[in-house]
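Accompanying notes for the structure given below.
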Amino acid sequence: MRNILLHIHPAKVPETSLRFDRTFGLGGMAALLVVIQFITGILLRFYYIPSPAEAYDSIIFLKNQVLFGQFIRNIHYWSGVLLLVIAFLHFLRVFFTGAYREIRKSNWLYGLGLLFLVVFLNFTGYLLPWDQLAYWAITVSTNIIGYLPLIGESLRTMIVGGKELNAGTLQTFYTFHTAVLPFLLLFLVLYHFWRVRKAGGVLIPETREEARMVPVNPNLVFREFIVVLVLLAVVFLFSALFNAPLLEKANPAYSMNPTKAPWYFAGVQELLMHFHPVFASFIIPAGVTVFFAWLPFLKFNAPPNGLWFISEKGKQSAKSTAVFAILVTLAGILFNEYILNFEMILTGVPSFISNGIVPLLILLLFMAGYYRFYLKKFTLSKEELAQAIFVFLMVAFIVLTIIGIFFRGKDMELGL
Ligand code: HEM
């Protein structure tokens, strides 16, 4: 056992890396959730039948006839959702402690790959119950793919295998969900772990004296054990109390109202209500992804110091930017919804310009004004400025997602 542990951990670790607020154990929790997903996913495969005629009934059978069938389905569902949330929080923790730079930059990129894999695992799993929720959520999401410039329509047809979701779509999603993506995830998680060790463990803030080294067992192992027990208790309790959603069997002739994408795409769906589809589905998400991937390659003046939010100035500017992002996003949504529709006032102008370039330029103008008249007074370093931009993007994304999930009702009207 001790030898197995030493494959994962070094024999000794710096005492300061043991502090809970260094990592919050988020990477380890994500890894445990991946293991739970594998085990419960294999158990579900014994009963699930991937065909439109039988998929739904196989879930009903699992729920009603199989001992602990509902419970196992619940664990698989809730730990999938939790994995996405925890991987996202881990991504934020890595960024805000500056651990995305220098020796850790390749691991940041592999981490981004992991985040995409986790999103696509959730997405491909969403369709499998073949109920109304799944059918229509995946229909809107694949329609969003259809908006991508040039390749959109052919990519959508390739994924869906026709005009509407059909047996081929279910088979494709099933194969990706149970065969392709899990193995990519497993491989990438192991590689990610190895890169953490190659980087000498997690980034810790420098102190004047050399960090004291302590044996990994029991110091780290005991803490990990506690985190594992607490996380298992939370997942089991939640799964015992709340069932994974299941509506009536999919009916292609009767669409849901509102038809919402899965919750993690609610932000993109909300963007679609305000921007031309090419901007909402491609230009903005691709721009943000490029920014994340490009971040570690920026030339900063000093190496990362491992402190949360870099400095006191960094913390203050991040807080102000978060408030600014909330106000601008909410104001933009309300303004566009109730007061000004650029497409209507700029009649005759192509929608790509009136509903794409114009609102994006206005948004960039607001950001430039915020920088010029407020943020500049902090005299931020390059990394503090990159952090402020990151905060803006993240907070705006979270606000859009919350609006999309909780404040869009019938016909996607805004309201409570
Ligand atoms: C399935 C998803 C993931 C798993 C299982 C995972 C696992 C881990 C673990 C166990 C660590 C050690 C420290 C810690 O617990 O925080 C770690 C560190 C790290 N992760 Fe992840 N991770 C995942 C996703 C991500 C994502 C989405 C990113 C960012 C894009 C990322 C970037 C990093 C980096 C750069 C480190 C080194 C941090 C440091 O040295 O302080 N990981 N990861």
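At-a-glance table
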quantity: Elements of type helices (runs of 4 or more DSSP H) in the stretch 267-374, at least 3 residues being of a type in the set (Lys, Arg), at pLDDT 95 or above and within 28 Å of residue 100 (Cα to Cα); calculated: 312-334
quantity: Options 122, 74: the member that is under 18 Å from the mean Cα position of the chain (by Cα), closer than 26 Å to residue 183 by Cβ and either modelled with pLDDT under 95 or more than 11 Å from the ligand (Cβ to nearest atom) (or both); calculated: 122
quantity: Complete set of residues in the stretch 90-126 that are crowded, with 22+ Cβ neighbours inside 10 Å and in a loop (DSSP other than H, G, I, E, B); calculated: 97, 98, 99, 100
quantity: Neighbours by Cβ (under 7 Å, 6+ apart or cross-chain): first from the stretch 91-106, over 15 Å from residue 291 (Cβ atoms) and more than 6 Å from the ligand (Cβ to nearest atom); second charged (D, E, K, R) and outside any loop (DSSP other than H, G, I, E, B); calculated: 106/195
quantity: Qualifying position, being surrounded by fewer than 21 Cβ atoms within 10 Å (Cβ to Cβ), in contact (Cβ under 8 Å) with a residue 60 or more places away in the chain and either more than 16 Å from the ligand (Cβ to nearest atom) or not hydrophobic (A, V, I, L, M, F, W, C) (or both), among 28, 69; calculated: 28
quantity: Which listed residue, of 400, 380, is in contact (Cβ under 8 Å) with a residue 40 or more places away in the chain, surrounded by 14 or more Cβ atoms within 10 Å (Cβ to Cβ) and more than 27 Å from residue 282 (Cα to Cα); calculated: 380
quantity: Criterion (farther than 30 Å from residue 65 by Cβ and surrounded by fewer than 12 Cβ atoms within 10 Å (Cβ to Cβ)) met by exactly one of 4, 8; calculated: 4
quantity: Count of the stretch 32-66 residues which are out of contact with any His (no Cβ under 9 Å at 6 or more places or on another chain), touching a residue at least 24 places away in the same chain (Cβ under 8 Å) and within 16 Å of the ligand (Cβ to nearest atom); calculated: 4
quantity: Hits in the stretch 11-25 (condition: surrounded by fewer than 13 Cβ atoms within 10 Å (Cβ to Cβ) and either of a type in the set (Asp, Glu) or away from the ligand (no atom under 16 Å from the Cβ) (or both)); calculated: 11, 21
quantity: Enumerated helices (runs of 4 or more DSSP H) restricted to the stretch 11-89, each holding at least 2 residues that are among the hydroxyl-bearing types (Ser, Thr, Tyr); calculated: 55-65
quantity: Hits in the stretch 355-397 (condition: over 24 Å from residue 311 (Cα atoms) and in contact with a helix residue (DSSP H, G or I) (Cβ under 9 Å, 6 or more places away or on another chain)); calculated: 355, 356, 357, 358, 359, 360, 362, 363, 366, 397
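The values are calculated or read from the model by the stated rules, or taken from the named source; none is laboratory data. Being a predicted model, the structure only gives us computed values, none of them experimental. FYI the Cβ positions are ideal-geometry reconstructions off the backbone, even for glycines, and counts take in every protein chain you see.
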